Structures are given as C-alpha cells and as structure tokens.
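Data first, discussion second: the structure below is written as structure tokens.
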Amino acid sequence: AAKREGRAAYQFATASMNEAALERLQLEASLRLAIEREALRLEYQPLIELATGRMVGVEALCRWDDPERGAIPPGVFIPLAEDSGLIESLGRWVLLTATQQLQRWHEAGHGDLMLAVNLSARQFQRGVVLEQVEEALMVSGVNPARLELELTESVLLHDGEAVMNTLRQLKALGVALSIDDFGTGYSSFAYLRRFKFDKIKIDQSFVRDVIDDPEDAAIVRGIISLALSLGLHVLAEGVETESIAQRLRHLKCTYAQGYHFARPLRPEVLAERFLNPPPASA
Ligand code: C2E
Ligand code: MG
Ligand code: MG
Ligand code: MG
C-alpha cells in the first residue's frame with residue numbers, strides 16, 4: 001500500500017510539476033506577445049534630493065498588465081524574460097521608450113531631469129547593451145549626461161574583462177552608472193574597487209528599519225560615509241516615512257526614493273503632480 005501511495009504521490013508531484021512548467025510556458029508566450037505588441041508600459045518613480053525635497057530624476061519601472069491574469073509584477077516577469085532570452089527585446093523597448101519620454105520632458109522645459117533605467121545581467125552577457133544604449137540615445141536625442149544605468153550584482157558577478165570593457169564603453173558615452181540594491185550581494189564592496197561607479201543605491205531592506213534596528217542603522221551609516229568618502233552619490237531606496245527621511249538627511253544621504261515621496265506613477269500623472277505644479281493661488 002505504501003508503495004502504491006508513494007507512486008500516487010509521485011504521479012501527483014509530476015502532474016503538478018508539469019502544470020507549473022506549462023503555466024510558465026504559457027506565461028512566457030504571453031510575455032512574448034506583450035513585447036511584440038508593445039503592451040508593456042513604464043511607470044516613473046521620483047528620485048528626491050533630500051536636502052531640498054526637490055525631484056531631480058525618475059526611475060523607469062516596467063509594468064505588465066495581462067488581459068487575463070491582471071498585473072504581473074516585475075519580480076515575476078523580469079526573471080522569466082531573463083531565462084527565456086526575451087529580456088533582450090524587453091530591455092531595448094524600455095530604453096527606447098524611457099529615453100523618448102525623457103526627451104519630451106526636457107523639451108517641455110525640464111532639461112535637468114535625470115532618468116534611471118534598470119539593466120539586467122543578460123543584456124550584458126550577450127553584449128547587446130552597448131548597442132541598445134547608443135541606439136536609444138540617438139533615437140531620442142537625449143543628453144547622455146541625463147541618463148543613468150542601474151546595475152545589480154548579477155551583472156557584476158561575471159566581472160570578466162568583457163563586462164569591464166562594456167562598463168568602460170558605456171561610461172565613454174557619457175552616461176552615469178549606479179549599483180542598485182547595494183549591500184544585498186556577496187561582494188558589493190569589491191565592485192567599488194574594480195570600477196568607478198557614480199552612485200550607490202542602498203537596498204530598501206536596510207532602510208526600512210533604520211530607525212528601530214541598530215545594526216541596520218550602522219550599515220546604512222557606513223554605506224553613506226563610504227560613498228561620500230569615495231566621492232559617489234548615494235541614494236536610499238524604500239523610504240516610506242518622514243522620520244526615515246529625516247534620519248537619512250541627518251546622516252547626510254544625498255538622495256532618496258520611496259512611497260513617502262511618491263509611488264511609481266504613469267507618466268501623465270507624474271507630469272501633472274511634479275512637472276506642472278498649479279500656479280500658486282493669489
Ligand atoms: P529596483 O530597481 O530596486 O526598483 C525599486 C523597487 O522598489 C520597485 O519595485 C519600486 O516600486 C519599489 N519601491 C519603491 N519605493 C518603495 C517603498 O517605499 N517601499 C517598497 N516596499 N517598495 C518600494 P518594482 O517596480 O516591483 O520592481 C522590482 C524590480 O524589478 C526592480 O527593483 C528591478 O530590479 C526590476 N525591474 C523593474 N523594471 C525593470 C526593467 O525595466 N528592466 C529590468 N532589467 N529590471 C526591472
Ligand atoms: Mg533600480
Ligand atoms: Mg533597488
Ligand atoms: Mg530590487
């Protein structure tokens with residue numbers, strides 16, 4: 001009986017594994033279609049200068065609203081896109097779309113506004129990233145100095161000469177490079193020696209409890225002073241309250257991002273709230 005049960009359980013496991021595999025294939029097919037039909041969209045989250053409260057830039061964040069499944073979070077579809085190779089065309093679309101949006105904002109009189117775009121490791125490995133960034137700059141006409149590329153440790157893990165060369169070539173285009181989710185990787189610090197980045201983004205997992213957790217507070221303080229002494233900009237991610245913002249200001253953190261200031265917004269909403277403030281009432 002035990003054997004029969006075991007076998008039944010095995011068949012059950014196989015069936016549900018097949019189901020998961022099938023579901024994944026279906027999701028991948030939907031994502032492929034969504035990219036082809038340009039059914040993805042971008043939201044933009046304000047990047048805030050802590051000393052003044054001014055919005056100095058935006059981070060583009062990709063959104064996928066599937067007609068049947070509803071909103072699928074990037075934490076799900078970005079890894080799927082990476083595994084399936086779709087990230088190449090998705091990444092190209094993100095770069096082209098975001099830089100053209102930025103150029104429209106620049107032309108509307110906000111020429112100082114910065115744009116941050118996330119790059120994934122796969123875009124680097126295939127060596128297409130340089131071409132894609134050049135293309136986006138050329139098509140949009142955006143000033144390269146206003147574009148910042150966010151890399152996570154997964155890019156830098158393969159820190160062979162090829163990756164280092166690509167980073168140098170990107171820098172030569174005049175764009176800025178930042179390390180995203182800093183502190184969560186195994187060797188975040190090593191990268192600071194290997195390459196001259198422009199900005200460190202402190203991962204939100206350290207920022208969240210910076211008030212209540214003395215260890216997290218020490219880490220955040222340490223990363224900020226490290227960044228400042230290396231001459232780098234530093235931004236705290238995931239700032240959800242004024243008291244956290246205040247603490248970061250006190251620690252001389254330059255920039256912040258988080259729900260306390262604004263959630264990621266559709267471009268028209270962002271423009272309305274941050275770029276076209278209503279005239280002050282008399
Ligand atoms: P990320 O680059 O670290 O982006 C910040 C994430 O934190 C975003 O999640 C944002 O919505 C969220 N966030 C911002 N402020 C707060 C806050 O105060 N509290 C909390 N709890 N969360 C906050 P999102 O949009 O779900 O994106 C998740 C990740 O997916 C991004 O993390 C990035 O790694 C990736 N991703 C998103 N769009 C793209 C893209 O176009 N290309 C690539 N390669 N990756 C992307
Ligand atoms: Mg990012
Ligand atoms: Mg991050
Ligand atoms: Mg992240």
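The values are calculated or read from the model by the stated rules, or taken from the named source; none is laboratory data. As the structure is a computational prediction, the values presented were derived from the model and not from experiment. Just so you know, the surface numbers come from the protein's heavy atoms only, side chains and all, with ligands and any DNA or RNA stripped out. Shrake-Rupley method; radii C 1.70, N 1.55, O 1.52, S 1.80 Å.
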Legend entry - For residue 236, distant residues with modelled amide H under 5 Å away: 202, 255, 256, 257
Legend entry - Residue-wise HN-Hα coupling along segment 249-257, computed from phi with Karplus coefficients 6.51, -1.76, 1.60 (Hz; x: Gly, Pro): 4, 4, 7, 6, 5, 6, 10, 8, 8
Legend entry - Mean separation of Cα contacts under 8 Å, 6 or more apart, over the residue count of the chain: relative contact order %: 17 percent
Legend entry - Among 87, 202, 72, residue whose mean-square fluctuation peaks in a GNM of the chain (springs only between Cα atoms under 10 Å): 72
Inset, instruction - Read phi for every residue in segment 150-156 and hand back ³J(HN,Hα) as whole Hz from Karplus 6.51 cos²θ - 1.76 cosθ + 1.60, θ = phi - 60°, with x for Gly and Pro. - result: 9, 10, 9, 4, 4, 5, 7
Legend entry - Size of segment 77-143 as Cα extents on the principal axes (Å, biggest first): 40, 22, 14
Inset, instruction - Measure out, as a whole number of angstrom, how far apart the alpha-carbon centroids of segment 12-89 and segment 131-181 sit. - result: 21 Å
Legend entry - Overall form of segment 137-275 per C-alpha gyration tensor (a/c, 1.5; a/b vs b/c): oblate
Legend entry - Accessible carbon and sulfur surface of the chain relative to its total accessible area, %, 1.4 Å: 53 percent
Inset, instruction - Mind computing the radius of gyration and Dmax over the alpha-carbon atoms of the chain? Å is fine for both. - result: 21.1, 85
Inset, instruction - List every residue whose amide H lies under 5 Å from the amide H of residue 58, counting only residues 5 or more places away in sequence or on a different chain, with H placed 1.01 Å from N in the peptide plane. - result: 47, 114, 115, 116
Legend entry - Proximal lysine pairs, the chain, alpha carbons under 26 Å, eight or more residues apart or interchain: 6
Legend entry - Over the chain: helical MRE at 222 nm, DSSP H runs n ≥ 4 each giving -39500 (n - 2.57), nearest 500: -15500 deg cm²/dmol
